[in-house]
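All remarks here apply to the structure that follows.
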Amino acid sequence: MTEQTEKNIISAPDDEAIIDITGMHKWYGEFHVLRDINLKVRKKERIVICGPSGSGKSTLIRCMNRLEEHQRGQIVVDGIELTNNIKNIERVRAEVGMVFQHFNLFPHLTIVENLALGPIWVRKVPKKEAEETAMYYLEKVHIAEQAQKYPGQLSGGQQQRVAIARSLCMAPKVMLFDEPTSALDPEMIKEVLDVMIELAREGMTMLVVTHEMGFAKSVAHRVLFMDFGQIVEENTPEEFFNNPQHERTKLFLSQILF
Amino acid sequence: MVENTTHSEPSGDDIRPPKASIGVIGWLRANLFDGWLNSVLTLVTLFVLWKTIPPFFRWAFVDSLWFTDGAVCRDAPGACWSAVTTNLRFIIFGFFPYELQWRPLLAMLILFFLLFYSRDRTHWNKYLAYGWVIGLFLMGLFMKGGLFGLTPVDSTQWGGLPLTLLLSVFGLTAAYPLGVILALGRQSSMPAVKYLCIIYIELIRGVPLISLLFMGSIIFPLFLPEGITINSILRAQVAIILFTAAYIAEVVRGGLQGMSQGQYEAADSLGLNYVLTMRLVILPQALKIVIPPTVSILISAFKDTSLVVIIALFDLLKTSQTVLSNPEWMGFSREVYLFVAILYFLGCFSMSNYSRRLERELDRGY
Ligand SMILES: Nc1ncnc2c1ncn2[C@@H]1O[C@H](COP(=O)(O)OP(=O)(O)O)[C@@H](O)[C@H]1O
Ligand SMILES: [Mg+2]
């Protein structure tokens, strides 16, 4: 399947915004890490964020579920503005899935317990039902046979797929991925990307920080390029890769696309 | 398989290890006589054992007397276990009325049974919790009496092993959760909570248990209104709990610091609140990491309950000393203290044994 045909199968985004960020700034102490961020993520939209290390990509997506606090501007997720209101934060977090570079599975729980934890305690789903859902999503990430193992017994690629399934069990409205494949050995990257592509095909709203340009080309509606805490450039993948506008984007692309 | 001749299987003979590396001789050579330093240490150890074990064995078992009176013992070359056997009931039960001593015995048996049954984590369910509630009620009833026609026994008459067990089992089970809460409080983002916990922990750790016991028994009652007294066992119990909790808190804090930020973030991003994050994700891991140091603290707290002698409680150690102050048994301290040491050892050993078992059971390979 070529990139173009693959893309055609995948749905177009709705008009309605699920995440709306306006005039957002963030500082770490004196350090101005995010500057005037304006970003509207529509339902079913898939956005890839790239940029040099330290440019603020992780910080940006971590602000979207309040793992980091912003100091100026507004972030509205699914109609709820992120403020210090802890109840609102917990509500937003339940609707926003997050996949980390280092998986962050709970090592003391079995795979199926990892998946059922959120639904049981946050969504108050009965244990049995939660475990059935967990098994459903484990099938989906092709790892059901590992359900009773502990995370420490799985390979990196398997752990990352479990982490994706753990987020999916909460039936999130958006999924955030922070460099999901950059801690993996090369031969495991594909199995994780394949799972993400399947997700895309089903119309999941996704924000993915990644340098996997093949993935960006085949599933993203938009690519954002960040540098020094700003969104420097945003465009469709075709335009972004074939016809970058900014000098910094060109430099960055020349460095990663050898 | 025919063309596979270049990689011929090794024949059976040449894959056998050399004779000297297997069997008893191989084991001895590999473990006890591996190099000259190891060999010298082995020989020295053997010599020391040969010089100490047989004489001890002779003293304790061959030449020993078991059921005589004190006068006969004095001329015997071996151990006088009569000092223990004759006074066993006093050492164990202290001044508890002699004809009622079946009651603390029964209370202890209930306790041992519950502890033993609770060892297995698969038994941890709500029926076990009911079992403990009923067990505690029965233990209290047997010790105190006053209900169902049981003669009341004042707590000033409690002593010996039941008192030691009471102070340590309740002391430790109450100190542990309190310590965990203090450790969490110390990490709190609310300054008032945080500094209260720090002050508490540092103050308690800055004074010896003895001084806490003294304060509890002598200074604290001065502040109470006229006519109100608080049972001295309870005061000692509270002092032990407060003291042990501060140490547990510091150990647990170490475990919490060992947790990676990623675990908090993963729990947060699922929408778990603080209490659930701690209870389901952080504490199970952090407490597991610190099982060994926690058990060290619990073991020393168990032994430290013997300090209550200074506020005139008759725990196991004090009842033994009392026996030794009786002219008939004066001078048999080796035997009596050895007996008490064995009892303490059994308690400590079961704790550390159980902790190793827990660690093994909870091992998830991370
Ligand atoms: N907790 C923090 N405190 C202070 N500075 C931070 C913190 N986290 C990240 N930074 C800094 O913020 C910048 C952006 O970090 P990050 O968002 O992780 O970048 P990226 O994900 O694009 O590599 C970096 O310069 C980093 O050093
Ligand atoms: Mg990053």
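The values are calculated or read from the model by the stated rules, or taken from the named source; none is laboratory data. No experiment lies behind these values; they were computed from the predicted model shown. We place every Cβ from the backbone using ideal geometry, glycine too, and count neighbours over all the protein chains shown. Side chains included, ligands, DNA and RNA excluded: accessible areas come from the protein's heavy atoms. Shrake-Rupley method; radii C 1.70, N 1.55, O 1.52, S 1.80 Å.
Things worth noting here:
- Interface residues in segment A:156-177 - accessible area drops by 10 Å² or more relative to the isolated chain, probe 1.4 Å: A:166, A:170
- Accessible area per residue in Å² at 1.4 Å probe, computed on chain A: 44
- For segment B:167-316, alpha-carbon Rg relative to the globular expectation (2.2 N^0.38 Å, N residues): 1.19
- Note on A:94-103: average number of Cβ atoms from other chains within 10 Å of each residue's Cβ is 3.
- Dividing the summed -39500 (n - 2.57) terms of all DSSP H runs of n ≥ 4 by the residue count of chain A sets its mean residue ellipticity at 222 nm at -11500 deg cm²/dmol.
- The residue A:238 and residue A:194 beta-carbon pair, evaluated with R₀ = 35 Å, returns a calculated FRET efficiency of approximately 0.95.
- Chains B and A together bury some 1900 Å² of accessible area, summed over both sides, with a 1.4 Å probe.
- For residue A:177, residues with placed amide H under 5 Å, excluding near neighbours: A:99, A:207, A:208, A:209
- By accessible area, using a 1.4 Å probe on protein heavy atoms only, segment B:100-158 has 74% of its surface on carbon and sulfur.
- Whether segment B:88-152 is rounded, prolate or oblate, judged on the alpha carbon gyration tensor where a/c under 1.5 counts as rounded: oblate
- Neighbourhood charge, 15 Å Cβ-Cβ cut-off, centred on residue B:74 and excluding it, Lys, Arg +1 and Asp, Glu -1: -4
- Table column - 3J(HN,Hα) (Hz), segment B:152-161, Karplus curve with 6.51, -1.76, 1.60, x for Gly and Pro: x, 10, 5, 5, 5, 8, 6, x, x, 4
- Nearest-0.05 FRET efficiency for residue B:198 and residue A:15, computed from C-beta distance (R0 56 Å): 0.55
- For residues of A:117-125, the mean tally of beta carbons on other chains within 10 Å: 4
- Shape of chain B, Cα gyration tensor, a/c cut at 1.5: oblate
- Only the Cβ atoms of Lys and Arg (+1) and of Asp and Glu (-1) were treated as charged; on that basis the dipole of segment A:132-258 about its Cα centre amounts to roughly 180 debye.
- Integer Hz, Karplus 6.51/-1.76/1.60 couplings in order for segment A:178-191, x for Gly and Pro: 10, 6, x, 10, 7, 9, 9, 5, x, 6, 9, 4, 5, 4
- Free-standing Cys, chain B [no other Cys Cβ under 4.7 Å]: B:197, B:348
- Taken one residue at a time, the phi angles of segment A:105-113 give Karplus couplings (6.51, -1.76, 1.60, θ = phi - 60°) of 6, 8, x, 8, 10, 5, 4, 5, 5 Hz. Gly and Pro are set to x.
- Per-residue shielding of A:58-68, expressed as the average number of other chain Cβ atoms within 10 Å of the residue Cβ, stands at 1.
- Take every pair of alpha-carbon atoms less than 8 Å apart whose residues are at least six positions apart; their mean separation over the length of segment B:100-158 yields a relative contact order of 35 percent.
- In plain terms, the chain from residue B:341 to residue B:118 could stretch by 77.8 nm, reckoned as 0.36 nm per residue minus the Cα-Cα distance.
- With every protein chain in place, segment B:167-316: carbon and sulfur % of accessible area (1.4 Å): 71
- Expressed as a whole percent, the accessible area of segment A:12-78 that falls on carbon and sulfur atoms is 42 (1.4 Å probe).
- With protein chains left intact and a 1.4 Å probe, residues in segment B:167-316 average 45 Å² of accessible area per residue.
- Over the protein assembly as shown, volume per residue of the alpha carbon convex hull, in Å³: 290
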